[in-house]
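*Asks:* Below you will find the structure I want to go over with you.
The values are calculated or read from the model by the stated rules, or taken from the named source; none is laboratory data. Just so it is clear, the model here is predicted, and its values are computed rather than measured. Cβ coordinates were reconstructed from backbone atoms using ideal geometry, including for glycine residues, and neighbour counts include every protein chain displayed. Calculation scope for accessible area: heavy atoms of the full protein, side chains included, ligands and nucleic acids excluded. Shrake-Rupley method; radii C 1.70, N 1.55, O 1.52, S 1.80 Å.
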Amino acid sequence: MVMPMRILHAIPQFPYFGGRTIIGGYSSALLELALAQGRAGHDVSIISHMADPAGRGEIESGVRTVELFDRADPGSIAHGLRFMRVASTWARAHRTEFDVAHVHSGFADYLLAADRIRSRSGLPTIHTMYCPVPATGGRWNHPLLGRLLRRGARRLDALAAMSRNVAASMDDWGLSGVQVVPPAIDLDRFRPGTDPQVRSDIGLGPEHLVVLFVGNATAQKNLTRVLDAFARTHDRCDMARLVITTELPRSSSAPNLRALREQIDRLGIGELVVQLGIIDNMPALVRNADVLVCPFMDSLGPSDYFVAAMEALASGVPVVSSNVGGMPEIIDDAHGRLVDPGHTDSLAGAMIEYLEDAELRTRSGAEARRFAARTFDPAETATSYDRIYEATKDQP
């Protein structure tokens, strides 16, 4: 049995809005991990930039957040440098309050932050990567910065990755010994079931076939192709409806949303699309869908496993996903379909296959839930990290 530990998590940004409302794959994964660790008896703190005041302070007993700075430009070089400086200074000032530091990021740049936290605090430090390191391009592949990042990473006590694909990319980049720990999903909140009221609240009935998209309005999320594919889908399935949720203003700006509305009007599907913003009842929305679509162009942020896909699997909802990144590790024909994100006909065909076949949806949904239960169990994820934390005690 692992003795309770005092765990410090550090993450560049944590878009947490209180309760269980959070945005972003690696942020969602950290929230579930921290809650599982708290329930296992650990004392857990998360330091980050949190734009919303509701996200600051205690989450549950033994789990809390600490706001490092209240204004930031997430994703910029300036933000990364500021996070590295402020987080390492905070960790040094509070080093006697923790047994281990655990840094989380989607990009390799933040390996420098983890190295800085370790050197300034003296705490055993591990780093989890949530997105693959691209073979070409990016600051991390600049010869000088790449060497600096790898040198810092090798000084850490352990390296982890959310998927086999991320671990392989880190190995190709020159970092060996990366341990794979799948992310956690709350299997109690995200569970199979239906609720007519949820559909009624957004103007839909039990007779409708609901296609759900969870993401944002950037080109990377490929929503324009979802709209094109859905228009073709509706020609075959007249009871199909598309529900769209978009996220933060930074990634779903007014011009982006306006362009999408213009596309919806051009396609003549305005009465068939329900467009939502940030919602606080995501589990209910997901389990009342018939199929989730996530044909994202790549997995380079914020998660190699698309969090919406993991939540849908846990909810017993089949998933149509792009065949990119680590997604082939969690989507197969038993509970979903992998498509070329640039091929509208393939996306439409997969959607039609599920919408026209109720038995297929039922069978795939049941297998999706079984897969999620054995892959994304929060207690198992927390136990895997317990073993990694414990191993750092034996290192010099």
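*Asks:* Of GLY268, GLY277, GLY325, which residue is within 16 Å of the chain's Cα centre (by Cα) and open to solvent by 20 Å² or more (accessible area, probe 1.4 Å)?
*Replies:* Details: GLY268 fails: within 16 Å of the chain's Cα centre (by Cα); GLY277 fails: within 16 Å of the chain's Cα centre (by Cα).
GLY325 is the lone residue from the list that is within 16 Å of the chain's Cα centre (by Cα) and open to solvent by 20 Å² or more (accessible area, probe 1.4 Å).
*Asks:* What do you reckon, is ALA391 surrounded by fewer than 18 Cβ atoms within 10 Å (Cβ to Cβ) and in contact (Cβ under 8 Å) with a residue 40 or more places away in the chain? Spell out the reasoning first.
*Replies:* Working: surrounded by fewer than 18 Cβ atoms within 10 Å (Cβ to Cβ): yes; in contact (Cβ under 8 Å) with a residue 40 or more places away in the chain: yes.
Yes.
*Asks:* Looking at the structure I just gave you, is LEU227 assigned to a strand (DSSP E or B) and touching a residue at least 12 places away in the same chain (Cβ under 8 Å)?
*Replies:* On the way: assigned to a strand (DSSP E or B): no; touching a residue at least 12 places away in the same chain (Cβ under 8 Å): yes.
So LEU227 does not fit the description; no.
*Asks:* From the set of residues in the stretch 6-22 that are crowded, with 20+ Cβ neighbours inside 10 Å and in a loop (DSSP other than H, G, I, E, B), which is modelled with the highest pLDDT?
*Replies:* Taking the candidates together, the pick is PHE14.
*Asks:* LEU209 fails exactly one of the following numbered conditions: (1) aliphatic (A, V, I, L, M); (2) under 21 Å from the mean Cα position of the chain (by Cα); (3) open to solvent by 20 Å² or more (accessible area, probe 1.4 Å). What is the number of that condition?
*Replies:* The one condition LEU209 does not meet is (2).
*Asks:* While we're on this one: When you scan the stretch 101-112, do you find a residue that is farther than 28 Å from VAL66 by Cβ and under 19 Å from the mean Cα position of the chain (by Cα), even just one?
*Replies:* Going through the stretch 101-112, the residues farther than 28 Å from VAL66 by Cβ turn out to be none.
No, the conditions are met nowhere in the stretch 101-112.
*Asks:* Let me ask you something else. Inspect all residues belonging to the stretch 148-160 and state whether any of them is of a type outside the set (Phe, Trp, Tyr) and within 30 Å of GLY316 (Cβ to Cβ). Don't jump to the end; show me each part of the working.
*Replies:* Step one: of the stretch 148-160, the residues of a type outside the set (Phe, Trp, Tyr) are 148-160.
From the residues that got through so far, the ones that are within 30 Å of GLY316 (Cβ to Cβ) too are 160.
Yes: one or more hits.
*Asks:* Does any residue in the stretch 176-194 that is farther than 24 Å from THR362 by Cα and in a loop (DSSP other than H, G, I, E, B) come within less than 9 Å, Cβ to Cβ, of a residue that is aromatic (Phe, Trp, Tyr) and modelled with pLDDT under 95 six or more places away or on a different chain, and which pairs are these?
*Replies:* Sorted first by the residue in the stretch 176-194, then by its partner, the pairs are PRO183/TYR26.
*Asks:* So how many residues does the stretch 130-147 have that are open to solvent by less than 80 Å² (accessible area, probe 1.4 Å) and within 15 Å of GLY80 (Cα to Cα)?
*Replies:* 3
*Asks:* Filter the stretch 300-316 down to the residues that are over 10 Å from the mean Cα position of the chain (by Cα) and part of a loop (DSSP other than H, G, I, E, B), then identify the one that is surrounded by the most Cβ atoms within 10 Å (Cβ to Cβ).
*Replies:* By that ranking, first place goes to SER315.
A quick yes/no check of all residues on (1) open to solvent by less than 20 Å² (accessible area, probe 1.4 Å); (2) free of Cβ contacts under 8 Å to residues at least 40 places away in the same chain; (3) assigned to a strand (DSSP E or B):
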{"position": "TYR26", "(1), (2), (3)": "no, no, no"}
{"position": "LEU33", "(1), (2), (3)": "yes, no, no"}
{"position": "ILE46", "(1), (2), (3)": "yes, yes, yes"}
{"position": "GLU58", "(1), (2), (3)": "no, yes, yes"}
{"position": "VAL66", "(1), (2), (3)": "no, yes, yes"}
{"position": "PHE69", "(1), (2), (3)": "yes, yes, no"}
{"position": "ALA78", "(1), (2), (3)": "no, yes, no"}
{"position": "THR89", "(1), (2), (3)": "no, yes, no"}
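*Asks:* Please find, among ALA308, ALA314, ALA334, the residue that is at pLDDT below 95, among the small types (Gly, Ala, Ser) and within 23 Å of ASP377 (Cβ to Cβ). Quick ask: steps written out before the conclusion?
*Replies:* Working: ALA314 fails: at pLDDT below 95; ALA334 fails: at pLDDT below 95.
Unique residue meeting the criteria: ALA308.
*Asks:* Follow-up question, since we're still on this one. The conditions are (1) surrounded by 15 or more Cβ atoms within 10 Å (Cβ to Cβ); (2) at pLDDT 95 or above, and THR96 fails exactly one of them. Which is it?
*Replies:* Condition (1) is where THR96 drops out.
*Asks:* Against the condition open to solvent by 60 Å² or more (accessible area, probe 1.4 Å) and either part of a helix (DSSP H, G or I) or over 16 Å from LEU347 (Cβ atoms) (or both), how does ASP238 come out, does it pass?
*Replies:* The answer is yes for ASP238.
*Asks:* Identify all residues within the stretch 131-170 that are part of a loop (DSSP other than H, G, I, E, B) and of a type in the set (Val, Ile, Thr); write none if there are none. Steps first, answer last, please.
*Replies:* As a first pass, look at the stretch 131-170 and keep what is part of a loop (DSSP other than H, G, I, E, B): 131-138, 142, 156-157, 162-163.
Matches in the stretch 131-170: VAL133, THR136.
*Asks:* Also: Among the residues in the stretch 252-272, are any at pLDDT 90 or above, in a helix (DSSP H, G or I) and basic (Lys, Arg)?
*Replies:* Yes, the stretch 252-272 contains a residue that is at pLDDT 90 or above, in a helix (DSSP H, G or I) and basic (Lys, Arg).
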